[in-house]
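Beneath this line is the structure, given in structure tokens, with notes to follow.
The values are calculated or read from the model by the stated rules, or taken from the named source; none is laboratory data. Just so it is clear, the model here is predicted, and its values are computed rather than measured. Here the Cβ is made from the backbone with ideal geometry for all residues, glycine too, and neighbour counts use every protein chain on show. With ligands, DNA and RNA removed, areas are computed over all heavy atoms of the protein, side chains included. Shrake-Rupley method; radii C 1.70, N 1.55, O 1.52, S 1.80 Å.
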Amino acid sequence: MSPRRLAGAHYPVAVVGGGQAGLSVSYCLRERGVEHVVVERNQVGHEWRDRRWDSFCLVTPNWQCKLPGFPYQGDEPDGFMVRDEIIRYLEEYVAFFQPPLVEGVSVDGLRRSPSGVFELTTSEGDFTADQVVVATGPYHTPSVPRMAERLPAGVEQIHSSRYRNADQLPEGAVLVVGTGQSGCQIAEDLHLAGRQVHLAVGSAPRVARFYRGRDCVAWLDDMGYYAKDIGDFDDAGAVRMRVNHYVTGRDGGRDIDLRAFARDGMRLYGRLTGIGGTRLEFADDLKVNLDRADAVAEGIKDSIDAYIAAQGIDAPDEARYVPVWEPSEQAASLDLEAAGITSVVWSTGFTRDHRWVEIPAFDGRGYPMHRRGATSTPGLYFLGLPWQYSWGSGRFEAVGRDAEFLANQIDASRRMADVCGALTGAPTELVSALPIG
């Protein structure tokens, strides 16, 4: 891949971010003959290489890896790629189509000049573009609550993005805060490593790994859930903020059952609400959170049952889940020293950081305002956001569909600008900033 000059250069399209989203739209732009450059702050695969733990694996089957022109072709379509295999998949994608990629360069500012041209400030100098795709995803800054500052200095704290394995933590019990996908899987990883785990349980839902002879993801895919338009929901804003269901692909895939963890020795609590010295306070919502998570999982099974019946599918019957543990008493507090807790893993998610985008394209919460990635600012697009268009958006499963949609928009805008510029004699960069239609 030949190095590309940025400082002082001009490109028809600039793609910011070289993860699966940026690479996908690069492939689609190349297919349409659209000249562009992809600028990646780190290196391809950084998020998977440097912000995932050692035992990390996909929670969706390999067959859902459908990057444009490069679907999964391995011999385990129903398996779950582990971290290093995911990195290799992305590296092989780059080798496959040789995108115009610049690695190790950060884009620190994006603005739009009065003439309509986009100006990008980078660590390697400034350059301009007619159109820009922001493909940096939603997981920018690790989020840790301010109450963490009140933990004793002797307690080691890390965010889930820095967790690698049990051995990196000091000896002793571990408190994991948060039960989204990362929190549940890290708690399991520590539990399997023989550590005493204390888990602050949140409101994330769960889903069964397999039901009636198939992976639940396969059923949901057949039922059209991953392709459902966000516009079909009355509460689209709330849907976009939903937490994903927890499940795991580890060891061939299985449920994550927090009740089973508790039965086997893990200590469960409600949401962490306060810290005072060595004393932790928890909400009285453990039973509610466990019951709601189970209800979501069983509701998904109800939908699968209805689909099987409606389609006349011959699928094996399966007994429904029976809780293996119930909280007899919900601990309202915990003393760190008495419990022997020496470290805390904050599995509390990430916040978006688009402050470098100096264009009024965001709502009051800082979320990009867009329709399937296209903003009201002509030539500015976003790609790789959760629920950008469907449940599959932002994942290997459907990011390619969103990339193709945006590539078509970009190509149409470019062609219109070329035609208008030719007819009027106006500079292309001025015409390309005009709304189309």
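Brief remarks on what is shown
- Cβ-Cβ contacts under 8 Å between residues 6 or more apart (or on different chains), taken from a first residue in the range 270-286 that is in contact (Cβ under 8 Å) with a residue 60 or more places away in the chain and closer than 12 Å to Met147 by Cβ to a second residue that is of a type in the set (Asp, Glu) and open to solvent by 40 Å² or more (accessible area, probe 1.4 Å), are listed as Leu272/Glu281; Gly274/Glu281; Ile275/Glu281; Leu280/Asp335.
- Among residues that are part of a helix (DSSP H, G or I), surrounded by fewer than 19 Cβ atoms within 10 Å (Cβ to Cβ), acidic (Asp, Glu) and touching a residue at least 24 places away in the same chain (Cβ under 8 Å), Glu337 is included.
Yes or no, residue by residue, for (1) open to solvent by less than 30 Å² (accessible area, probe 1.4 Å); (2) not in a loop (DSSP other than H, G, I, E, B):
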site: Arg195; (1), (2): no, no
site: Gly202; (1), (2): yes, no
site: Leu220; (1), (2): yes, yes
site: Tyr226; (1), (2): yes, yes
site: Gly237; (1), (2): no, yes
site: Val243; (1), (2): no, no
site: Ala262; (1), (2): yes, yes
site: Lys287; (1), (2): no, yes
site: Ala297; (1), (2): yes, yes
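- Boolean, Val144 is in a strand (DSSP E or B) and farther than 18 Å from Asn289 by Cα: no
- Of all residues in the range 299-311 being open to solvent by less than 20 Å² (accessible area, probe 1.4 Å) and among the hydrophobic types (A, V, I, L, M, F, W, C), the one that is nearest to the chain's Cα centre (by Cα): Ile304
- Scanning the range 144-161 for residues that are open to solvent by 50 Å² or more (accessible area, probe 1.4 Å), farther than 13 Å from Val176 by Cα and not acidic (Asp, Glu) yields Arg146, Arg150, Ala153, Gly154.
- Residues of the range 363-376 that are in contact with a strand residue (DSSP E or B) (Cβ under 7 Å, 6 or more places away or on another chain) and open to solvent by 10 Å² or more (accessible area, probe 1.4 Å): Met369, His370, Ala374, Thr375.
- Here the condition is being buried (at least 16 other Cβ atoms within 10 Å of the Cβ), part of a loop (DSSP other than H, G, I, E, B) and out of contact with any Asp or Glu (no Cβ under 6 Å at 6 or more places or on another chain); of Ala315, Ala319, it holds for Ala315 alone.
One line per residue, one yes/no per condition, for (1) closer than 30 Å to Gly277 by Cβ; (2) at pLDDT 95 or above; (3) open to solvent by less than 20 Å² (accessible area, probe 1.4 Å):
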site	(1), (2), (3)
Glu329	yes, no, no
Ile341	yes, yes, yes
Thr351	yes, no, no
Ala361	no, no, yes
Gly379	no, yes, yes
Gly392	no, no, yes
Gln409	no, yes, no
Met416	no, no, no
Gly425	no, no, no
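- Positions within the range 1-41 being in contact with a Ser or Thr (Cβ under 6 Å, 6 or more places away or on another chain), open to solvent by 60 Å² or more (accessible area, probe 1.4 Å) and outside any loop (DSSP other than H, G, I, E, B), in sequence order: His10
- Residue in the range 42-63 that is farthest from Asp189 (Cα to Cα), counting only those that are surrounded by 20 or more Cβ atoms within 10 Å (Cβ to Cβ) and polar (S, T, N, Q): Asn62
- Residue in the range 393-401 that is over 30 Å from Ile158 (Cβ atoms) and assigned to a helix (DSSP H, G or I) present: yes
- For the range 108-140, a residue qualifies if it is open to solvent by 60 Å² or more (accessible area, probe 1.4 Å), modelled with pLDDT under 95 and either in a helix (DSSP H, G or I) or in contact with a strand residue (DSSP E or B) (Cβ under 7 Å, 6 or more places away or on another chain) (or both), and exactly one does: Tyr139.
- Among (1) among the β-branched types (Val, Ile, Thr); (2) open to solvent by 50 Å² or more (accessible area, probe 1.4 Å); (3) touching a Leu at 6+ places or on another chain (Cβ under 6 Å), the one test that Val82 misses: (3)
- Answer residue from the range 61-73, given it is out of contact with any strand residue (DSSP E or B) (no Cβ under 9 Å at 6 or more places or on another chain) and at pLDDT 95 or above and is farthest from Asp255 (Cα to Cα) among those: Gly69
- Members of the range 42-51 that are of a type in the set (D, E, K, R), touching a residue at least 12 places away in the same chain (Cβ under 8 Å) and assigned to a helix (DSSP H, G or I): Glu47, Arg49
- Near pairs, Cβ below 6 angstrom, 6+ apart or cross-chain, from the range 52-66 (on the phi < 0 side of the Ramachandran plot and in a strand (DSSP E or B)) to any residue that is open to solvent by less than 30 Å² (accessible area, probe 1.4 Å) and modelled with pLDDT of 95 or more: Cys57/Phe80; Cys57/Gly249; Lys66/Gly400
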